[in-house]
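Working notes for the structure below.
The values are calculated or read from the model by the stated rules, or taken from the named source; none is laboratory data. As the structure is a computational prediction, the values presented were derived from the model and not from experiment. As a convention, Cβ positions derive from the backbone with ideal geometry for all residues, glycine included, and neighbour counts pool all protein chains shown.
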Amino acid sequence: MSNVATSWVHVPSGSDFPIQNLPYGVFTNERGTRCGVAIGDSVLDLAAAERAGLFAHTDLDADTFFSETLNDFIGQGRAIWIQIRDTITAFLDMGNASAPAFAREHELLVSTPVSMNLPVRVGDYVDFYSSEQHATNLGKMFRPDGDALLPNWKHLPVGYHGRAGTVVVSGTDITRPSGQRLAEGAPVFGPSVRLDIELEVGFITGNANRLGEPLDIASAEDAIFGVCLVNDWSARDIQAWEYVPLGPFLGKSFATTISPWIVPLDALEPFRIPRPIQSPSPLPYLRDDFGRGIGIDLTVGFTPRGSSEETVITETSFTNMYWTMAQQLAHATVNGATVRAGDLFASGTVSGEGVNERGSLIEITWNGAEPMTLSDGSARTFLEDGDSISIRGRCSAEGEVPIGFGDCVGTVIS
Ligand code: CA
């Protein structure tokens, strides 16, 4: 079914935020910090809407949207998410004749730009490694004489626990990390000289399960609130020296950027796709015969230091992912570990087959051996101070209004 609803709020052509999207974020203006929903170039102030009684017929807890994070809202569960999304959709619909006057009277609409905050207080953060092409590229680089994929890779979604406290919102400057790296066979200390990006897509969960109770794969998606863009900044030199045998640590934990708007999983329904065929078939707890991915076109824009000219260095698709979000969540809880409201699960670097479809600089420049040339003529292997990276995502499908995620931006500082 196509959905051709429009809003009485002006939505510029090509906007990431038509009425079909309605992503949630947390903004700050002269009224303070509160929750909002993006519509075109405006933000619906959810705190003002709650005070005006827009949600009075729902089961929403009092003062939910006056919070400085979305955790309280997300923690109320899927039934509430649906009630609120339905209410906002009906309120913003072109057919709602009384809504514009109500919105003016209660000052419900705020013009952008506004200052955006981290949308959730991230309690736990997991980063997966679920792109077969990315895992294959790194395997070829680091184990040229062995199998590109390690034996476990097609049996479980490989991942690690990242540092939740250093997840930052788009626009936050990224301080180049210092640490240990190997130089001519001996460890030295200093600023990373191989600072990289990882193009990823993340999902934010609700309260999913109790300690000791795994999530069933068939219902795992019910725990997913929404989806955002992620840049998993990576210091390759620090990572390479420290990661054996326990995995990523200081090469990753200095910063992870997410986009400010969380796109509800329900808004992505028209863009769901069958997951790739998985062979060998995974163990029963990971088996989802009707498993689905999401078709998201992803790009990485690179604006070098001192330039205003952006070069798109990556154009790839989230359809490339091998493991689904449901499988990732079922795996992350199969030992009984809890998933709570506001937890972040990132996909792992999204890479496709072509050179221009690779989601990290280490792949694009093949471990630094093949520098890339940007449109202003500058050459890069890894990031220099002042370089800026912008990740974007758009969903489109036949007969559907396209939606987007807004920008996920960060600039490297010394
Ligand atoms: Ca990663």
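Does Leu344 satisfy the condition of being over 21 Å from the mean Cα position of the chain (by Cα) and of a type in the set (A, V, I, L, M, F, W, C)? Answer is no for this residue. Among the conditions (1) without any contact (Cβ under 8 Å) to a residue 24 or more places away in the chain; (2) under 30 Å from Asn117 (Cβ atoms), the only one that Phe225 does not satisfy is (1).
Residues in the stretch 224-245 that are more than 23 Å from Gly406 (Cα to Cα) and either part of a helix (DSSP H, G or I) or within 16 Å of the ligand (Cβ to nearest atom) (or both): 9 in all. So which residues in the stretch 87-139 are within 16 Å of the ligand (Cβ to nearest atom) and within 30 Å of Arg340 (Cβ to Cβ), if there are any at all? Hits for the stretch 87-139 are Val122, Asp124, Tyr125, Val126, Asp127, Phe128, Tyr129, Ser130, Ser131, Glu132, His134, Ala135. Restricting the stretch 334-355 to residues that are of a type in the set (S, T, N, Q) and either within 16 Å of the ligand (Cβ to nearest atom) or surrounded by 16 or more Cβ atoms within 10 Å (Cβ to Cβ) (or both) leaves a set whose member that is nearest to Val312 (Cα to Cα) is Ser351. Scanning the stretch 246-279 for residues that are in contact (Cβ under 8 Å) with a residue 24 or more places away in the chain, of a type in the set (A, V, I, L, M) and away from the ligand (no atom under 16 Å from the Cβ) turns up Ile262, Val263, Leu265, Ala267, Leu268, Ile273.
The sole residue among Val188, Val120, Val158 that is of a type outside the set (Ser, Thr, Tyr) and closer than 21 Å to Arg392 by Cα is Val120. Right, Arg78: over 30 Å from Gly159 (Cα atoms) and not polar (S, T, N, Q) or not? No: the conditions fail for Arg78. Assess whether Phe73 counts as being within 16 Å of the ligand (Cβ to nearest atom) and within 25 Å of the chain's Cα centre (by Cα). So Phe73 does not fit the description; no.
The single residue among Thr333, Thr373 that is at pLDDT 95 or above, farther than 24 Å from Pro248 by Cβ and polar (S, T, N, Q) turns out to be Thr373.
Checking each residue in the stretch 161-219 for being within 27 Å of Gly336 (Cβ to Cβ), away from the ligand (no atom under 16 Å from the Cβ) and in contact with a Leu (Cβ under 8 Å, 6 or more places away or on another chain) picks out Ile204, Thr205, Ala208, Asn209, Leu215, Ile217. Scanning the stretch 356-382 for residues that are under 20 Å from the mean Cα position of the chain (by Cα) and more than 16 Å from the ligand (Cβ to nearest atom) turns up just one, Glu357. Considering only the stretch 373-402, state which residues are part of a strand (DSSP E or B) and either among the acidic types (Asp, Glu) or in contact with a helix residue (DSSP H, G or I) (Cβ under 6 Å, 6 or more places away or on another chain) (or both). Once the filter is applied, which keeps residues that are part of a strand (DSSP E or B) and either among the acidic types (Asp, Glu) or in contact with a helix residue (DSSP H, G or I) (Cβ under 6 Å, 6 or more places away or on another chain) (or both), the stretch 373-402 yields Cys395, Glu400. Among the residues of the stretch 142-176, those that are hydrophobic (A, V, I, L, M, F, W, C), out of contact with any Lys or Arg (no Cβ under 8 Å at 6 or more places or on another chain) and assigned to a loop (DSSP other than H, G, I, E, B) comprise Leu149, Leu150, Trp153, Leu156, Val158.
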